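Undergrad: After the structure tokens below, expect a handful of questions from me.
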Amino acid sequence: MDIILHDARDWYNDLFDNKSDPRVNNFFLMSSPLPTLGMCIFYAYFSKSLGPQLMAKRKPMELRSVLVIYNAIQTIFSAWIFYEYLMSGWWGHYSLKCQPVDYSNSPLAMRMVNICWWYYISKFTEFFDTLFFILRKKNEHVSTLHVIHHGCMPFSVWMGLKFAPGGHSTFFALLNSFVHIVMYFYYMVAAMGPNYKKYIWWKKYLTTFQMVQFVAIFTHQFQLLFRECDYPKGFMVWIGLHGVMFLFLFSDFYKAKYLSVQRRRQAKQAVKVNGHSNGRLQANGNAKHLSSGDGPLSNGNGSNKGACMPVLEDEFVKESNGHATAFEDGYFKEGVLSSNDAILNPDSSSSSLHQRKVK
């Protein structure tokens, strides 16, 4: 056992002391992988266990103003990172076909190292996405996809920064930063209130945009399987598999959230067949019909699973005779947020219909 431990220690020291990039050794959190790994593990534990427990007996917090500010900062931060990646190589210096890492101390190479470190730090600032879910008691949004997406990224980026800060795989960070500009801008506008929802009509394209990103990432990475390039093959495969994994996870979310036109029509037809006519549903005696332009709502159970932040305009309500309302596919129920189950199964019991009260 002593021999095994000694060999493991020697391997660890050789890997992180001799084979890593010495230019990043003095950067914050870069001397050892343990702090980053520990924070990722604690994030997963807090997200799925500790955080919900701490909020279990507390009222959800009203954080709309905080979310506007936070998302504005994240939008600006992402835009700066995207700009720096362009200026550090991807605007005219880097090749899309093959780009080795520049391990020199030239100004351009060090600029790339610096922005790779800031991109790494940005993966920790994104933990606040989950914190705001939990503080607002939107635990249904803290899905497995959400936790995997946020929980593994800091350590993955740490590994790239430690051994290959620059080169081919930074295309991943370039695209991801651009997607985050769009995403956080959307969430900022959404948090500003229902008067601004007309400016974010493109909401439904966000998930598609993310999926296109992942296709571009793994296509760009895996081309090196068929081309000679002086870039670490291990990182190429690692980043490429990230793209594949996230594509499958997000595609599952897409299929679950955005029902086909046929299923939507079948759901509405089922409502009519069950005797709900004249634009009024009788479930619990409190459902009415809205026109398609009355307002959007995500699909209740698991809605936004896969999204990185609460889509606040999904929870816009109207006041009708003093009662809060929520809508889905042209229908709404007073006092509840609709769910896929409630829409597709209009005879659901009142207990299943009232899973999420409007605050």
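Undergrad: Across segment 1-16, which residue is farthest from ALA164 (Cα to Cα) among those that are surrounded by 10 or more Cβ atoms within 10 Å (Cβ to Cβ) and over 39 Å from the mean Cα position of the chain (by Cα)?
TA: HIS6
Undergrad: While we're here: Can you confirm whether segment 31-52 contains a residue that is over 27 Å from the mean Cα position of the chain (by Cα) and either exposed (fewer than 11 other Cβ atoms within 10 Å of the Cβ) or under 25 Å from GLY151 (Cα atoms) (or both)?
TA: yes
Undergrad: Related question: When residues of segment 53-72 are filtered for being within 28 Å of VAL157 (Cα to Cα), out of contact with any Pro (no Cβ under 8 Å at 6 or more places or on another chain) and surrounded by 14 or more Cβ atoms within 10 Å (Cβ to Cβ), how many remain?
TA: 5
Undergrad: Hey, another quick one. Filter segment 99-114 down to residues that are more than 30 Å from the chain's Cα centre (by Cα) and in a helix (DSSP H, G or I) and give me whichever is surrounded by the fewest Cβ atoms within 10 Å (Cβ to Cβ). Before the answer, list the steps.
TA: The initial filter retains those residues of segment 99-114 that are more than 30 Å from the chain's Cα centre (by Cα), namely 102-108.
If we keep only those that are in a helix (DSSP H, G or I) too, we end up with 107-108.
Working: PRO107: 9, LEU108: 13.
The qualifying residue surrounded by the fewest Cβ atoms within 10 Å (Cβ to Cβ) is PRO107.
Undergrad: While we're here: Just the residues that are free of Cβ contacts under 8 Å to residues at least 12 places away in the same chain and either outside the structural domain of LEU174 (by TED's automatic domain parsing) or in contact with a Pro (Cβ under 9 Å, 6 or more places away or on another chain) (or both), please, taken from segment 186-236.
TA: Across segment 186-236, there are no qualifying residues.
Undergrad: From (1) crowded, with 17+ Cβ neighbours inside 10 Å; (2) in contact (Cβ under 8 Å) with a residue 60 or more places away in the chain, pick out the condition that doesn't hold for LEU96.
TA: Going through (1) crowded, with 17+ Cβ neighbours inside 10 Å; (2) in contact (Cβ under 8 Å) with a residue 60 or more places away in the chain one by one, LEU96 breaks only (1).
Undergrad: Shifting gears a bit: For segment 191-215, give me each residue that is hydrophobic (A, V, I, L, M, F, W, C) and in contact with a Gly (Cβ under 8 Å, 6 or more places away or on another chain). Can you show your working first?
TA: From segment 191-215, those hydrophobic (A, V, I, L, M, F, W, C) are 191-192, 200-202, 206, 209, 211-212, 214-215; that's our starting set.
PHE214, VAL215, listed by residue number.
The values are calculated or read from the model by the stated rules, or taken from the named source; none is laboratory data. Bear in mind that the values here come from a model prediction, so they are computed numbers and not experimental data. All Cβ positions, glycine included, derive from the backbone under ideal geometry; neighbour counts span all protein chains shown.
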